[in-house]
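Reviewing the structure listed below.
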Amino acid sequence: MNHSTRARAHERVARLTGARLDLPTFLDEASALLARALPHDAACWHTMDPATLIETGFHLEDMPSAPDAEVAALVYLPDDFNSFVTLARAGRHSGVLSTATGGRPERSPRYRHLLRPYNVTGELRTSCVVDGACWGKFAFFREAPADFTEDEQDFADDLASLLGDGFRGAVVRARSGGTAAGWWPGLLLFDENRQVESATGPARHWLGELGFHGTMGEGLLPYALLMVAERARGTAADASVRVCGESGVWVELHASPASGGEPGRVAVILQSATAPSVAPLLSAAYGLTARERELVELVLQGCGTGEIAARLFISPHTVQGHLTSVFAKTGVRSRRELVTRVFVPDRSTPDGASGG
């Protein structure tokens, strides 16, 4: 790719990022643009929870099938080459599989089980990091014998922060509507074969928020659910992720290895996300500074100007200055609006809900 072609593509991505698009539209437009700048035969885009680096959703281009539990297990492997977590934390956020494996892609379990069966030899992965946080990622694929070049890897790395900003902005727009129903937390139990062993009634409601409206045991479960369960299974430790539901409500998923029975069983709790859980995510999405995030946390606790000033060792005048900046970034005009419109979901319970 020559310099002028790269510069034009970079400019178009920058304009796209600044267009304030919702996530589906942003991904469609980014896909179309990069199909010309970085030609590929297939692609997958993923959203991520920046706090946990767990994938929360996907957008596919010409892929053979949607990812299931077995694919989630292979994608998650933390010690495979060019894992998205590694790329997110590295100095360079893009990588080509053949380069990472020294020209021997068969060293990668992902290649052996997911790519080679579909005649794929070229894989380019990029974690979209902006201001130190990863909000999304993409993987492009080329069929044999094609591969990606170092120049294309560099270009993808140049785009990482721009695309990350687009993902980040979509988080803010996803939160613009919806009310949180007062449903009880739900519980799903996965067996050692990654199949649902049991589920409570409220779990079905939360699955609907995550886009699953089928019959348990039939169809693919929500990707975020599969990924958080796989994180807990793979690390033998608790894992959690926050996902914006279909109604605009934020949903928390907590996964833990289950005791008793066969090894590999995992329990997942699904529930409405609390304000303290969502606040750091939204603060980062709105581009608040570290000091502004501290201030928002105190506002959510009900602290007044004097108390905030005392806790942060700053003057009341400085507190007001930070608040003015926060209001401008979040598009509100008062603390009440900041709390009720941005950070705290409406707790109203619709007819027929099992309140808790």
_Local net charge near His46, Cβ-Cβ under 12 Å (Lys/Arg +1, Asp/Glu -1)_ = 0
*With every protein chain left in place, what is the accessible area per residue of the range 28-153 in square angstrom, probe 1.4 Å?*
42 Å²
*asked:* For the range 62-165, what does the convex hull of the Cα positions come to per residue, in cubic angstrom?
replied: 104 Å³
*asked:* Using amide H atoms built in the peptide plane, which far-off residues or other-chain residues are under 5 Å from Gly245 H to H?
replied: Trp250, Val251
*Rounded FRET efficiency, nearest 0.05, which uses the C-beta distance separating Ser334 from Glu150 and R0 of 35 Å*: 0.10
*Run the quick spin-label model on Asp238 and Asp131: label points 7 Å from Cα toward the beta carbon, then report their separation in nm to one decimal.*
2.8 nm
*Ranked highest first by average number of other Cβ atoms within 10 Å, how do 165-172, 15-22, 30-37 line up?*
165-172, 30-37, 15-22
*Please give the net charge around Pro67, taking every other residue with its beta carbon less than 14 angstrom from that of Pro67, where Lys and Arg add +1 and Asp and Glu add -1.*
-2
*For the chain, give the percent of accessible area contributed by carbon and sulfur heavy atoms, probe 1.4 Å, rounded to a whole number.*
51 percent
*Determine, at each q value in 0.18 (inverse angstroms), the log₁₀ of I(q)/I(0) that the Debye formula gives when each Cα of the range 116-179 is one equal point scatterer.*
-0.71
_Just to be sure I understand the curve: with the Debye formula and one point per C-alpha of the range 1-152, what is log10 I(q)/I(0) at q = 0.12 Å⁻¹?_
-0.50
*Can you name the helices of the chain, as whole DSSP H runs, whose Cα span along the helix axis is 20 Å or more and whose Kyte-Doolittle mean is not below 0.5?*
23-37
*Based on the mean of other beta carbon atoms within 10 Å per residue, what is the order of 200-210, 254-264, most packed first?*
200-210, 254-264
*When the solvent-accessible surface of protein heavy atoms is calculated with a 1.4 angstrom probe, in what order do His10, His46, His93, His113 fall, highest first?*
His113, His10, His93, His46
*Beta carbons within 10 angstrom, averaged per residue: use that to sort the peptides 190-199, 124-133, highest first.*
124-133, 190-199
*May I ask you to rank Arg336, Arg291 by accessible area, largest first, using a 1.4 Å probe over the protein chains only?*
Arg336, Arg291
_Per-residue ³J(HN,Hα) for the range 110-124, Karplus 6.51 cos²θ - 1.76 cosθ + 1.60, θ = phi - 60°, Hz, x for Gly and Pro_ = 4, 5, 5, 9, 10, 9, 4, x, 10, 6, 9, 10, x, 9, 10
*Tell me the Kirkwood hydrodynamic radius of the chain in angstroms, computed as one over the mean inverse distance between distinct C-alpha pairs.*
21.7 Å
*Counting alpha carbon pairs within less than 8 Å and at least 6 residues apart, what relative contact order, in whole percent, applies to the chain?*
16 percent
*Could you quote the convex hull projected area for the range 109-248, Cα atoms only and averaged over all directions, in nm²?*
11.1 nm²
*Accessible area of Thr121, 1.4 Å probe, to the nearest 10 Å²?*
40 Å²
*Under 5 Å, built H, 5+ apart or other chain: amide partners of Met48*: Thr56, Gly136
_Added length on full extension, which subtracts the Cα-Cα distance from 0.36 nm per residue, Leu60 to Thr215_ = 53.5 nm
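The values are calculated or read from the model by the stated rules, or taken from the named source; none is laboratory data. As the structure is a computational prediction, the values presented were derived from the model and not from experiment. Ideal geometry is used to build each Cβ from the backbone, glycine not excepted, and the neighbour counts take in all protein chains shown. Note: accessible area is taken over every heavy atom of the protein model, side chains too, but ligands, DNA and RNA are not part of it. Shrake-Rupley method; radii C 1.70, N 1.55, O 1.52, S 1.80 Å.
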